[in-house]
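S.K.: Structure provided below as structure tokens; questions to follow.
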Amino acid sequence: MDNASIARILSETASLMEIDGGDSFRIRSYRNAAEAIEALPQQVSDLVADPRKLLAIQGIGKGMVANLQELTQQGKLSKHTELVAKYGAGMLELLKIQGLGPKTIALLWSAHQACSLDAVAQLAREGKIRELPRMGEKHEQKILKAIDDYRRIAGRFLIDDAEATARQLTAYLMQPPFGDGIEKITPAGSLRRGRETVGDLDILVTGPGCVTPPGRQKLIEHILQFPALADVLAKGDNKISFRVHTGLQVDVRLLAPESFGAAMCYFTGSKSHNVALRQRALRMGYTLNEYALAELAEDGTAGKPIASATEADIYAALKLPYIPPEMRENLGEIDAAEHGKLPELITLTDIRGDVHMHTTETDGKNSIAEMADAAIARGYQYIAITDHSKALAFANGLDDKRALEHIRRIRQVDAQTSAEAASSRQSGNKSDKPSGIRILAGIEVDILADGSLDLSDEVLAQMDLVIASVHSHFNQDRAQMTDRLLRALANPHVCILGHPTGRLQLRRAAYPVDMEQLLQAARQHKVAMELNSYPDRLDLNDVHLRMAREHGVKIVINTDSHHTSHMEKMSYGILQARRAWLTKDDVLNTLPADKFVAAVKKGW
Ligand code: DGT
Ligand code: CA
Ligand code: CA
Ligand code: ZN
């Protein structure tokens, strides 16, 4: 069982204990342990053998060790199982509703024995929630809306969660002796297309072990032992579908190597790209299915196979260049391919710097120097440190005075790393690791409710880079929010609009805003739009990114890292950029440091 699953079960147990009226001290010990494990770099399963190592982790007390041993050995926790049996799985779903905490749920349970989404929605519609202590009509409406929102997104997963499961399964299958019969394991479906969330995971496996029925049966038996597997949904001759502990469904298909390309093409989708591709095949006298592109026989069936082993073979036989998976949405890509007009999509290696990140000075977990080292390890030429401003009090945001002190410190660390790099060059250091990095002194300044900024213009003027972001008053209407953002864009110090629509995936919808007007203003004032790569955000999304590009507005792809490990999230931003057909030229942080600073500061 991985850390994320362990943390989830502990946190669910804490909430269920709270609903159950449990002891607050014990409840807290479960919550603390869940938080500690979520942030833990090592796997709990590697530590359980030695309780001292567990106890050394802050947040894990004596009472928790036995629980962790039970979780890693049994894959479940009896306290959790017992409470889920008492209240039902519907209770766990209720806990996921925005604004419904354990306290309110406990109230709904004691007054009405409500323990499912349906039951609570029903109570709200009947006006029975407003009658409860400390509740009102407003609460009732909010709960109804939150249940609606939840139902819309339920069953989808963040892209990094899906990818983590894909990696785990791949690593498991690749181990000998089974791994010997496997040549390739690839995710297909929405994950391969880089969609911002994933409904279910489609995994394609090929190799000599997938050719004969007995070989496939052995592999399927082996998959049944996958440690993250929770329950099996369907099992066939060359396919198995199951759910993992997080609730994500996984469809695994075992394929003969000669039809692997056709299967990749079919199961990568999207469905509408497939349909368009099949129509093209038919016009050319071919038929296309998950096994092959084949000649169309007189009777309409598949005749002699034309191409099937690789996707490139299939596209080539259809007289098309290879179309990258991120573009396969039937949004003009086949036409562009036919006319040789496929753009050269941006790649991760085009990125030369990450210019939105936080440090321990506000709500980050690492120092300036640690962030810089992590960026050097990624081969970046520059970063910008952009901590929060004071309106974000819970994040310990900076006022004018602290902001100035902070940029002084950033510049000091910058001077130090430059000096170290120079002396290492002089001493003829021939190591492969690039040393030295430009550390820009920036800020992520809050856009206040009226569109003014949280720090004075004098202070903002001293920054190498200013990101302006909304972190409060999300409930303004469209006109108000648009005016607010337009006012922020008009401030001459603002270089980038941070996470421009404020959505939190699977949790909070984007605030309403006139994107058309926003992009026109961005173009006029030369303010770049951020593509925030954090999987919860991915903001701007692919549709808005494409709009931005059409408006001639430049993009900056950032991670908004609050920890050195977050820098790797850049890849998810790149996927969205590719889905929007962006090239290197559309993205400012593909520029070398000097050019980037000039562009972001003085305009592009
Ligand atoms: P998801 O799972 O909702 O995030 O989205 P996908 O795209 O992964 O959809 P999924 O898992 O239902 O199917 C995977 C791929 O299989 C899909 O992208 C295209 C292909 N596919 C599935 N059903 C059909 C179909 O009825 N017709 C065609 N042409 N392709 C299909
Ligand atoms: Ca899928
Ligand atoms: Ca599927
Ligand atoms: Zn930020």
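The values are calculated or read from the model by the stated rules, or taken from the named source; none is laboratory data. In this text, all values refer to a predicted model and were calculated from it rather than measured experimentally. Every residue, glycine among them, receives a Cβ derived from its backbone with ideal geometry; neighbour counts consider all protein chains shown. Just so you know, the surface numbers come from the protein's heavy atoms only, side chains and all, with ligands and any DNA or RNA stripped out. Shrake-Rupley method; radii C 1.70, N 1.55, O 1.52, S 1.80 Å.
S.K.: Could you work out the Rg to Rh ratio of the range 352-603, with Rh taken as the Kirkwood radius (inverse of the mean 1/r over all Cα pairs)? Intermediate results must be reported in sequence, preceding the final value.
M.R.: On the way: Rg = 17.4 Å, Rh = 18.1 Å.
Over the Cα atoms of the range 352-603, Rg/Rh equals 0.96.
S.K.: Another question about this same structure. Over all distinct Cα pairs, what is the inverse of the mean 1/r for the range 440-527, reported as the Kirkwood hydrodynamic radius in Å?
M.R.: Final number for the Kirkwood radius of the range 440-527 is 13.1 Å.
S.K.: Rolling a 1.4 angstrom probe over the protein chains, ignoring ligands and nucleic acids, what is the accessible area of W604 in square angstrom, nearest 10?
M.R.: Solvent-accessible area, nearest 10 Å²: 60 Å².
S.K.: Could you give the length gained on full extension between A234 and E344, defined as 0.36 nm per residue of separation minus the Cα-Cα distance, in nm?
M.R.: Answer, rounded to one decimal: 35.6 nm.
S.K.: With bins 10 Å wide starting at 0, give me the P(r) of the range 157-255 over every alpha carbon pair, in whole percents.
M.R.: 16, 53, 27, 3
S.K.: Give me the net charge for the shell around A281: Cβ to Cβ below 12 angstrom, other residues only, Lys and Arg +1, Asp and Glu -1.
M.R.: Charge balance near A281 sits at +3.
S.K.: Relative contact order (percent) for the range 3-153, with alpha-carbon contacts under 8 angstrom and 6 or more residues of separation?
M.R.: Contact order relative to length: 20 percent.
S.K.: What relative contact order, as a whole-number percentage, does the range 261-338 give when Cα pairs under 8 Å and 6 or more residues apart are counted?
M.R.: After rounding, I find 30 percent.
S.K.: How high is the relative contact order of the chain, in percent, counting Cα pairs under 8 Å that sit 6 or more residues apart?
M.R.: RCO, the chain: 9 percent.
S.K.: Taking all pairs of distinct Cα atoms, average 1/r, flip it, and tell me the Kirkwood hydrodynamic radius of the range 261-338 in Å to one decimal place.
M.R.: 12.2
S.K.: Show which lysines lie in cross-link reach of K145 when reach means a straight Cα distance below 20 angstrom and same-chain residues fewer than eight apart are skipped.
M.R.: K96, K103, K128
S.K.: So which lysines can K218 reach, going by Cα to Cα under 25 Å and dropping same-chain residues fewer than 8 places off?
M.R.: Candidates past the 8-residue exclusion: K184, K235, K239.
S.K.: Continuing with the same structure: With both bridge residues required to lie in the chain, what share of the DSSP beta bridges run antiparallel, to the nearest 5%?
M.R.: 45
S.K.: Then there's this: Work out the length of the dipole vector of the chain about its Cα centre, built from +1 on the beta-carbon of each Lys and Arg and -1 on the beta-carbon of each Asp and Glu, and round it to the nearest 20 debye.
M.R.: Result for the chain is approximately 220 debye, rounded to the nearest 20.
S.K.: Next question, about the same structure. The range 504-604: Rg/Rh from Cα coordinates, Kirkwood Rh?
M.R.: 0.96
S.K.: From the backbone phi of the range 580-590, what are the Karplus-calculated ³J(HN,Hα) couplings (6.51 cos²θ - 1.76 cosθ + 1.60, θ = phi - 60°) in whole Hz, Gly and Pro given as x?
M.R.: 8, 6, 6, 10, 3, 5, 7, 10, 5, 7, 9
S.K.: Report the one residue of A422, G442, G397 whose Cα lies farthest in the direction of the positive end of the charge dipole of the range 319-451 (charges on C-beta: Lys and Arg +1, Asp and Glu -1; origin at the Cα centre).
M.R.: Of A422, G442, G397, it is A422.
S.K.: Quick one: in the chain, what % of C-alpha pairs are over 47 Å apart?
M.R.: 21
S.K.: Go through the range 153-194 and name the trypsin sites (Lys or Arg not before Pro) that are in a DSSP coil and have 13 or fewer other Cβ atoms within 10 Å of their Cβ. Intermediate values should be presented prior to the final figure.
M.R.: Working: sites: R156, R167, K184, R192, R193; in loops: R156.
Here no loop site has a sparse enough neighbourhood.
S.K.: May I ask for the distance between the Cα centers of the range 299-362 and the range 1-67, given as a whole number of Å?
M.R.: Spelled out, the Cα-based centre of one part sits 43 Å from the other.
S.K.: As a test of the definition: which semi-axes, in Å, follow for the range 345-467 when you take the square root of five times each eigenvalue of its alpha carbon gyration tensor? Largest first, please.
M.R.: Its equivalent ellipsoid spans semi-axes of 29, 16, 12 Å.
S.K.: So what's Rg/Rh here for the range 1-134, counting alpha carbon atoms and using the Kirkwood radius for Rh? Spell out each step's value before the answer.
M.R.: Values: Rg = 16.5 Å, Rh = 15.8 Å.
Radius of gyration over Kirkwood radius for the range 1-134 works out to 1.05.
S.K.: Turning to a different aspect of this structure: Under 15 Å from the Cβ of R152, count the other residues' Cβ atoms, weight Lys and Arg +1, Asp and Glu -1, and hand me the total. Please list the in-between numbers first.
M.R.: Numbers: positive: K96, K145, R151, R156, R503, R507, R508; negative: E93, D148, D149, E196.
Net local charge, R152 excluded: +3.
S.K.: Which net charge results when you count Lys and Arg as +1 and Asp and Glu as -1 among the other residues whose beta-carbon is under 15 Å from that of E221? Don't jump to the answer; show the numbers that get you there.
M.R.: On the way: positive: R216, K218, K235, K239; negative: D237.
Taking every Cβ under 15 Å from that of E221, the sum is +3.
S.K.: Any idea which of G179, G189, G207 is furthest toward the positive side of the dipole for the range 157-255, if Lys and Arg beta-carbons carry +1 and Asp and Glu beta-carbons -1?
M.R.: G207
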